[in-house]
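Asker: The following block contains the structure, expressed as structure tokens.
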Amino acid sequence: MGKKRKPPICDYCQGPTEFVDDSEVYERSYGRKVYLCRPCNAWVGVHKGTTRPLGRLAKSELRKMKIQAHAHLGGRQCAPVDGGRTRREARLMCG
């Protein structure tokens, strides 16, 4: 599983997070893991087969906004892999 890393600290309460099965945040298990802050109900998934977070912890409201942003940008030709752009370059193009 790669090198051991410290669990992320919650961005909302600065408290510790737990590395748990995704069934803790979904209605069933999808065989993945997440970091969960129980007091805030904020969580983030991890890259498959690692303990590396996919991003930052998010509460329900932020997760909804992220989904909307991805849906809005979904049809644009600005993905990092498109034309060999870096993620930063792609974000600048999608502005």
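Asker: Quick one: count up the residues across the stretch 10-29 that are touching a Ser or Thr at 6+ places or on another chain (Cβ under 8 Å) and not in a strand (DSSP E or B).
Answerer: 4
Asker: For the stretch 39-66, which positions are in contact with a Gly (Cβ under 9 Å, 6 or more places away or on another chain), part of a loop (DSSP other than H, G, I, E, B) and under 22 Å from Lys4 (Cα atoms)?
Answerer: Gly49, Thr50, Thr51, Arg52, Leu54, Gly55
Asker: Could you please find all residues in the stretch 7-57 being among the aliphatic types (A, V, I, L, M) and in contact with a helix residue (DSSP H, G or I) (Cβ under 7 Å, 6 or more places away or on another chain)?
Answerer: Listed by number, the residues that qualify are Val34, Leu36.
Asker: Name the pairs whose Cβ atoms lie under 9 Å apart, with the first residue in the stretch 25-41 and over 23 Å from Ile9 (Cβ atoms), the second of a type in the set (Gly, Ala, Ser), and 6 or more positions between them or separate chains?
Answerer: Ser29/Ser23; Tyr30/Ser23
Read the figures in this text as sums done on the coordinates, not as results from a lab. What you see is a predicted model, and the numbers here were worked out from it, not measured in a lab. In this analysis, Cβ positions are derived from the backbone assuming ideal geometry, glycine residues included, and neighbour counts consider all displayed protein chains.
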